Amino acid sequence: MLLRSLKKLDVESGSCQKLIGLQDLHDCVDNLLLLPVAQALAKEQHEKWFNELLDGSLRLLDVCGIARDALSQTKECTHGLQSTLRRRQGCKMELSREVEKYFASRKVVKKAMQKALKGMQTKLNSKKNEDLAMVSMLKELEAVTLMVFESLLTFIAGPKLQSKSSSWFVVSKLVHPKRIACEGEEKDANEFEKVDAALQSLISHKTSKSDYSMHVQNVQNWMGQLESSIQDVEEVLECLSRRLVKTRVSFLNILNH
C-alpha cells in the first residue's frame, strides 16, 4: 500500500515531494528491518537475496551522489553567472561569453545525467514468492526509488537546448503569459528550461537597449528561482542520502548477524 501511494506521488508531485515521500518510506523499511523476521530470513538460506539488496543499496547511493554533484555544479555556475549579470549588464559581448560558459557546464551535466539514466535501465527481478514477501517488497522499494531518481535526473538534465524560435516562444510566454495563453495551451516549463531558454534568447536576439535590460532582469529572476529550487532539492536529497546509508547498514547488520 505504501509503495502504491508513492507511485501515485511520483506521477502527481514535484521533485521535493517525491523525495520526501521516499524518506518516509525508507524510515518505515528501516523499522521493518529491525524486526526478528528480517534476521530470520537471512538465516534461512536467503543470503543471496540480501546480497542483491545490498548491491542495490550501493547503486542507489551512487545515483544519489551523481544527482547531488550535478545540483552542486549547476548551482555554482548559476551563482557565478548571476554575479556577472549584475556587474556587466550593459556589455552584451561579455555576457555572451559568460552565458556560453554556463551552457558548456550545463552540457557536461546533461551528459552525466544521460549516462546515469542509461545505467539505470537494468530491470530488477520482480519474481513473486509467498515465502519471500519481505524481499519482494524491498526489491519493489528499490525499483520505486530508482524511478524517483530517474525523474530527478531528468529534471536536472532539462530539455535539449531549443531552437532560437522555440526559445523565444518560451521567453515570450514567461514575459507575456496572458497573451501567449491565447495562442494555445503549453506544458509548463521547469526552472532549468526557463533559464536555458531565457539565456539563449538573451544572446541570440537583437533588441533595443531597453528591451535588452528587461531581458537581463527576467533572466536574473528566473535564475534566482532556479537557485532556490536547487537549494530545496539539495536539502531533501541530503536527508534521503542519510536514509539510504541507514538502510544499507541495516542490510549489512542482517547479513553479519
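The values are calculated or read from the model by the stated rules, or taken from the named source; none is laboratory data. Computed from a prediction, not measured in an experiment: that's the story for all the values here. A quick note on method: Cβ atoms are made from the backbone with ideal geometry, for glycine too, and the neighbour counts reach across all protein chains shown.
Listing for the model above:
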{"read-out": "Every residue from region 48-88 that is of a type in the set (S, T, N, Q) and either closer than 20 Å to Asp196 by Cβ or buried (at least 17 other Cβ atoms within 10 Å of the Cβ) (or both)", "value": "Ser57, Ser72, Gln73, Thr74, Thr78, Gln82, Ser83, Thr84"}
{"read-out": "Test: residue in region 172-190 that is under 21 Å from the mean Cα position of the chain (by Cα), assigned to a helix (DSSP H, G or I) and at pLDDT 50 or above", "value": "no"}
{"read-out": "Every residue from region 207-235 that is surrounded by fewer than 19 Cβ atoms within 10 Å (Cβ to Cβ) and modelled with pLDDT of 85 or more", "value": "Gln220, Asn221, Gly224, Gln225, Glu227, Ser228, Gln231, Asp232, Glu234, Glu235"}
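To keep it simple, each residue is scored yes or no on (1) of a type outside the set (Val, Ile, Thr); (2) crowded, with 18+ Cβ neighbours inside 10 Å; (3) in a helix (DSSP H, G or I); (4) at pLDDT 85 or above.
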| residue | (1), (2), (3), (4) |
| --- | --- |
| Lys111 | yes, no, yes, yes |
| Thr122 | no, no, no, no |
| Lys127 | yes, no, no, no |
| Ala143 | yes, no, yes, yes |
| Met147 | yes, no, yes, yes |
